[in-house]
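Take a look at the structure below.
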Amino acid sequence: MHDIVVVGGGPGGYATAFRAAARGLDVALVEADKVGGTCLHRGCIPSKAILHVAEVIEQVERAEVMGLKVSFDGLDGDGLASFREGVITRMFKGLDFLVSKRTTRHDGRGRLVRGDDGRVEVEVTAADGTTTRVQGRHVVIATGSYAKSLPGVEVDGEVVQTSDQALWFTEAPGRAVVIGAGAIGMEFASMWQPMGTEVTVVEALDRVLPLEDADCSVAVTKAYRQRGVEVLTSARVSSIERDGGAGRVVVEVDGETRTLEADRILVATGRGPNTADIGADDLGILDERGHVVTDEWGATAVDGVWAVGDVRPTLALAHAAFAEGFVVADRIAIASGKGRDELAAHLQPVDHANTPRVTYCHPEVASVGLTEAQARERYGDAIATETSSLRHNAKGILAGTEGFVKVVYRTDGTPAGAPGPEGAVVGVHVVGPHATDLIAEATLVTTWEALPSELAAITHAHPSLYEAMGEAFQSAAGLPFHGA
Ligand code: NAD
């Protein structure tokens, strides 16, 4: 019997498996497809490869400003495919090797079933239909998520696509309608527009990236419109039809009915958990939306059954899945007598509130902690903000895009003992070049509930993009770099 059987080899599954193996546990990993999951094969990695290409095109188009004589003469579809697939292959080979080295592999689809002794086991059905039972003292569900469609909309995979199909283009579509302005929709708009696609983004709520701070939504909308992307918000899709090799989206917006013709229609309206056929329902551990219900440590109500990643109703982000996997593996190690005492003493549940959120659209958006609206809801008027623009930042000027760092902080003197009237920074929001890297510093700040006065004393390099964050902290401490 294994110590742990992990079902699913995406970021949540392999993070659990690797951490558990590193702690000396015997780990089995069940995977129906290739290890790497959505992130490596259909998500984060291929999309970032194409976004990188799109960014290079934008740089080429700006090259004249830098005195360079180069031009973008179009896409070489084979070259694009080989770059995109090459990045996946390289990462896959490394991961596949590590999985073989550190775990016992079972290729097939796993399903949780009760064994004769009442213990939960994993029944693995291989591609040829044969089944085997894999037993472990603990079972970890890490089966990930799938791209949802809209009710009544048929995803044909050619004209009407989800991100699963849309990533594999070798020729950018002439006209694209992107439905949903979350991370996926906004990233696809940023991939296609520089490649010459006429893009329309259709969002049901009143702003793009509705989970981000409202100022970020305003800035990104402005940047998209300046580039010629049409952004329709508070828009209701009334029908999607396919017409030969093209399609039509009928949208109600601003009291009018608009018909949008498109060669590609991307449905990016969210993802759902892959729990329909894994035996979790029979165990009574699913909520009404199909997510696996766990405590803060990732344990379900069934003894020895845990869950990590997109199957849980937490942030559907690869790094959140990694973090959940580490915690579950550490808890199991401790329960199995493999954890060191100090590990047991310091282990904490994943801090989802201080997990960075990163959207690789152009300009990039990244945030951690509370938005201004959430902070005001929680702390009332005892909230203030400072924003430092990248417009006057040397590296921002070089990059040729605008953006800002916005800091949200408390003014009510908490946490206890904080000097003067100031309180901890509770949220940081960044729009602009490398925002997804710049958020690193802010993650420490909100996690450690740092005070602006402490942060103002930290020297930031010049010239750098992150000096804008230092300036925002200084302003929050009442020490602005220069007057208003
Ligand atoms: P999402 O839930 O983040 O966004 C979907 C958007 O579609 C929402 O803004 C919603 O209001 C809108 N919408 C829903 N129904 C609609 C309709 N009928 N018409 C118009 N708009 C409609 O989902 P997503 O963008 O598909 O991403 C799925 C998950 O994957 C998210 O949890 C996301 O965070 C994650 N993801 C993260 C990254 C990243 O971190 N860079 C990248 C891709 C995906």
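For region 95-152, which strands (runs of 3 or more DSSP E) that fit wholly inside it have 2 or more residues that are away from the ligand (no atom under 16 Å from the Cβ) and within 28 Å of the chain's Cα centre (by Cα)?
Counting at least 2 such residues, we get 104-107, 109-114, 136-141.
On the given criteria, is GLY413 modelled with pLDDT under 90, farther than 13 Å from GLU471 by Cβ and surrounded by 14 or more Cβ atoms within 10 Å (Cβ to Cβ)?
Judged against the criteria, GLY413 is a match.
Please work out if VAL35 is touching a Gly at 6+ places or on another chain (Cβ under 6 Å) and not in a loop (DSSP other than H, G, I, E, B).
no
Conditions tested, residue by residue: (1) charged (D, E, K, R); (2) not in a helix (DSSP H, G or I).
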position	(1), (2)
LEU51	no, no
VAL56	no, no
LEU68	no, yes
ARG84	yes, no
VAL87	no, no
ARG90	yes, no
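What are the residues in region 205-222 that are within 12 Å of the ligand (Cβ to nearest atom) and small (Gly, Ala, Ser), if any?
Matches in region 205-222: SER217 only.
What number goes with the only condition from (1) of a type outside the set (Lys, Arg); (2) surrounded by fewer than 19 Cβ atoms within 10 Å (Cβ to Cβ); (3) modelled with pLDDT of 95 or more that VAL407 does not pass?
(2)
Go through region 233-286 and tell me which strands (runs of 3 or more DSSP E), entirely inside it, have 2 or more residues that are over 24 Å from the mean Cα position of the chain (by Cα), loosely packed, with under 13 Cβ neighbours inside 10 Å and away from the ligand (no atom under 12 Å from the Cβ).
256-262
Give the residues of region 175-230 that are within 22 Å of THR259 (Cα to Cα), among the β-branched types (Val, Ile, Thr) and in a helix (DSSP H, G or I), sorted by residue number.
Answer for region 175-230, where residues must be within 22 Å of THR259 (Cα to Cα), among the β-branched types (Val, Ile, Thr) and in a helix (DSSP H, G or I): just THR221.
Confirm whether ILE265 is of a type in the set (Val, Ile, Thr) and in contact (Cβ under 8 Å) with a residue 60 or more places away in the chain.
In short, yes.
Which residue pairs have Cβ atoms closer than 8 Å, lie 6 or more positions apart in sequence or on different chains, and pair a first residue in region 47-60 that is among the basic types (Lys, Arg) with a second residue that is surrounded by 16 or more Cβ atoms within 10 Å (Cβ to Cβ) and not in a helix (DSSP H, G or I)?
LYS48/TYR360
Which residues, taken from region 88-132, are surrounded by 12 or more Cβ atoms within 10 Å (Cβ to Cβ) and among the charged types (D, E, K, R)?
Matches in region 88-132: ASP96, ARG102, ARG105, ASP107, ARG109, ARG111, ARG114, ARG119, GLU121, GLU123.
Scan region 321-365 for residues that are surrounded by fewer than 15 Cβ atoms within 10 Å (Cβ to Cβ), within 18 Å of TRP306 (Cα to Cα) and charged (D, E, K, R) and report the count.
Residues flagged as surrounded by fewer than 15 Cβ atoms within 10 Å (Cβ to Cβ), within 18 Å of TRP306 (Cα to Cα) and charged (D, E, K, R) within region 321-365 amount to 1.
Give the residue, chosen from LEU98, LEU75, that is under 30 Å from THR275 (Cβ atoms) and either in contact (Cβ under 8 Å) with a residue 60 or more places away in the chain or among the basic types (Lys, Arg) (or both).
On inspection, the qualifying residue turns out to be LEU98.
Residues checked against (1) under 13 Å from THR269 (Cβ atoms); (2) over 16 Å from the mean Cα position of the chain (by Cα); (3) touching a residue at least 24 places away in the same chain (Cβ under 8 Å); (4) more than 9 Å from the ligand (Cβ to nearest atom):
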position	(1), (2), (3), (4)
SER163	yes, no, yes, no
ALA172	no, yes, yes, yes
VAL177	yes, yes, yes, yes
ALA183	yes, no, yes, no
MET195	no, yes, yes, yes
GLU198	no, yes, yes, yes
GLU203	yes, yes, yes, no
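Identify, from the list HIS362, HIS346, the residue that is within 16 Å of the ligand (Cβ to nearest atom) and on the phi < 0 side of the Ramachandran plot.
HIS362
If a residue has to be within 16 Å of the ligand (Cβ to nearest atom) and of a type in the set (Gly, Ala, Ser) to count, how many in region 287-298 make the cut?
1
Pairs needed: first member in region 220-233, without any contact (Cβ under 8 Å) to a residue 12 or more places away in the chain; second member anywhere, not in a helix (DSSP H, G or I); C-beta distance under 8 Å; at least 6 residues apart or different chains.
Listed pairs, sorted by first residue: ARG225/VAL231.
Regarding region 159-166, can at least one residue be identified that is surrounded by fewer than 20 Cβ atoms within 10 Å (Cβ to Cβ) and not in a helix (DSSP H, G or I)?
Within region 159-166, not a single residue is surrounded by fewer than 20 Cβ atoms within 10 Å (Cβ to Cβ) and not in a helix (DSSP H, G or I).
The values are calculated or read from the model by the stated rules, or taken from the named source; none is laboratory data. Note that the structure is a prediction, hence the values are computed from the model and not measured. Here Cβ is always computed from backbone atoms with ideal geometry, including for glycine, and neighbour counts include all displayed protein chains.
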